[in-house]
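Q: Mind looking over this structure? Questions follow.
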Amino acid sequence: MSLYQMPEWYDGLRLHQNEHTGGCSPRVLEALAALSPGQIASYPPYSAAIAKVAGYLGVAPDRVALTNGLDEGIMAVSMSCLRPAPGGPLPEAVLPEPAFEIFRLDTEVAGGRLVSVMPKPRFAFALDEVLAAITPRTRVVFLTNPNNPTGVPVPLAAVGAIARQVPPEALVFVDEAYAEFSGVSFIPELERFPNVVVGRTFSKAFGLAGLRIGCLVGAPGALDRIRPALPVYSVNAAAVVAVQAAIDDREHLHDYTRQVRESKELMYAACERLGLVCHRSAANFVLVCAGPRAAELVAGVRARGIFIRDRSTEPGCDGCVRIATGIVEHTRRCIAAMEEVLCAAR
Ligand SMILES: Cc1ncc(COP(=O)(O)O)c(C=O)c1O
């Protein structure tokens, strides 16, 4: 099987969840194969993996908490910030839209009140509107940089401005699931902002989505607030060895980020040919506006074995579909399918 061929258990090319379309590094498979029966029989030790992740992110190990995917990190932040005190006001989460849907779900699960900030034209970051939405009841501001589903970056200065304005009990959470593709991170600023926590994942650029590993990065005091909401052994022994092997294979990472850049250029050019508006993305996907033809486009490429994601019901995303732009060969296949669907129907 070629490295970039989809494994047989998938019934199509998955461009709908922003995963690594080429799969993890072969070094990860070697590390998994080398797991001993004893390692699998034991609760996993975390210090080596934490040290490796901390080294990769350029922080001290006490600033890293591993999580079972970043999803678990977001749930833990929500549970620690947004549970209402008996008889007290509802804690508020400020969320600039359009946003990764998990923030909405987790705010609801935790019992907090969602304060949505509606998008501006071309999804320019709504700093003034976010600042205006902060109240004495704000307990968390959820930001995603670059944003999902738009791929549009959040200026680092805006994160700082928000962190300066939130009440002392609140955290600013910066989801950096796609930071390997943008090359921009708030992590170097964390020393100056102890009320900001950054979330990272190894699901995207490192191709470990199936193993579920991510992390929270922040001041030890901020992490101590969140840790009680994290299960003690939520990251498994396979993920622990896999993340170390993945971080060690920089060539695999750099090859993928290079292909993602090339794929995005191919997608922008295809949109121009097809008369579709799209948004320049700092992530590994492109939001394409197909207008009234969005559903037809999703169904048409699906019939050709390719999954893309209809995002038309998200705020500001009327008629938009989100397409992962990973391995160049996969992007070319998707573009060919889009051309068939849209041109044939004309
Ligand atoms: C913005 C954002 N945060 C977090 C996640 C979830 O990451 P993980 O697979 O580490 O749970 C995703 C996955 O799509 C995402 O888009």
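The values are calculated or read from the model by the stated rules, or taken from the named source; none is laboratory data. Note that the structure is predicted; figures quoted are calculated from it, not measured. Every residue, glycine among them, receives a Cβ derived from its backbone with ideal geometry; neighbour counts consider all protein chains shown. What goes into the accessible areas is simple: the full protein's heavy atoms, side chains included, and nothing from ligands, DNA or RNA. Shrake-Rupley method; radii C 1.70, N 1.55, O 1.52, S 1.80 Å.
Q: For segment 239-252, does any single residue satisfy the condition of being free of Cβ contacts under 8 Å to residues at least 60 places away in the same chain and among the β-branched types (Val, Ile, Thr)?
A: No; the residues of segment 239-252 include none that is free of Cβ contacts under 8 Å to residues at least 60 places away in the same chain and among the β-branched types (Val, Ile, Thr).
Q: Could you list, in sequence order, all residues of segment 132-178 that are open to solvent by 30 Å² or more (accessible area, probe 1.4 Å) and within 16 Å of the ligand (Cβ to nearest atom)?
A: Scanning segment 132-178 gives a single hit, Pro153.
Q: Exactly one condition in (1) within 16 Å of the ligand (Cβ to nearest atom); (2) surrounded by 14 or more Cβ atoms within 10 Å (Cβ to Cβ) is false for Glu101; which is it?
A: That leaves (2) as the condition not met.
Q: Additional query: Show the residue pairs meeting these rules: Cβ distance below 7 Å; 6+ apart or different chains; first residue within segment 112-133 and closer than 18 Å to Ala157 by Cβ; second residue in a loop (DSSP other than H, G, I, E, B) and open to solvent by less than 20 Å² (accessible area, probe 1.4 Å).
A: These pairs meet every condition: Val117/Glu97; Val117/Ala126; Lys120/Ala126; Phe123/Thr150; Phe123/His279; Phe125/Val154.
Q: Do we find a residue being open to solvent by less than 10 Å² (accessible area, probe 1.4 Å), assigned to a loop (DSSP other than H, G, I, E, B), on the phi > 0 side of the Ramachandran plot and not charged (D, E, K, R) anywhere in segment 179-200?
A: no
Q: Restricting to segment 36-64, count the residues that are open to solvent by less than 30 Å² (accessible area, probe 1.4 Å) and either hydroxyl-bearing (Ser, Thr, Tyr) or over 23 Å from the mean Cα position of the chain (by Cα) (or both).
A: The number of residues fulfilling the criteria is 1.
Q: Consider Val77 against the criteria (1) within 14 Å of the ligand (Cβ to nearest atom); (2) modelled with pLDDT under 95: it satisfies all of them except one. Which criterion is unmet?
A: Unmet for Val77, out of (1) within 14 Å of the ligand (Cβ to nearest atom); (2) modelled with pLDDT under 95: (2).
Q: Looking only at segment 307-319, decide whether some residue is surrounded by 16 or more Cβ atoms within 10 Å (Cβ to Cβ), assigned to a loop (DSSP other than H, G, I, E, B) and aliphatic (A, V, I, L, M).
A: Yes, segment 307-319 contains at least one residue that is surrounded by 16 or more Cβ atoms within 10 Å (Cβ to Cβ), assigned to a loop (DSSP other than H, G, I, E, B) and aliphatic (A, V, I, L, M).
Q: Within the set of pairs 6+ apart or on separate chains, which have a first residue in segment 64-76 that is touching a residue at least 12 places away in the same chain (Cβ under 8 Å), a second that is within 8 Å of the ligand (Cβ to nearest atom) and open to solvent by 40 Å² or more (accessible area, probe 1.4 Å), and C-beta atoms under 6 Å apart?
A: Asn68/Arg212; Gly69/Arg212
Q: Can you report the number of residues in segment 201-235 which are farther than 25 Å from Gly23 by Cβ, in contact with a helix residue (DSSP H, G or I) (Cβ under 8 Å, 6 or more places away or on another chain), open to solvent by less than 20 Å² (accessible area, probe 1.4 Å) and outside any strand (DSSP E or B)?
A: Here the count works out to 4.
Q: Can you list residue pairs whose Cβ atoms sit under 7 Å apart, with the first residue in segment 32-46 being within 16 Å of Pro231 (Cβ to Cβ) and the second being assigned to a helix (DSSP H, G or I)? Count only pairs 6 or more apart in sequence or on different chains.
A: Close Cβ pairs satisfying both conditions: Pro44/Ala237; Pro44/Val240; Tyr46/Val240.
Q: For Val235, only one of the following conditions fails: (1) under 19 Å from the mean Cα position of the chain (by Cα); (2) not aromatic (Phe, Trp, Tyr); (3) not assigned by TED's automatic domain parsing to the domain that holds Pro37. What is its number?
A: Every listed condition holds for Val235 apart from (3).
Q: Need pairs with beta-carbon distance below 7 Å; first residue touching a residue at least 12 places away in the same chain (Cβ under 8 Å) and of a type in the set (D, E, K, R) and within segment 200-219, second more than 8 Å from the ligand (Cβ to nearest atom) and in a strand (DSSP E or B); sequence gap 6+ or separate chains.
A: From segment 200-219, the pairs are Arg200/Cys215; Arg200/Val217.
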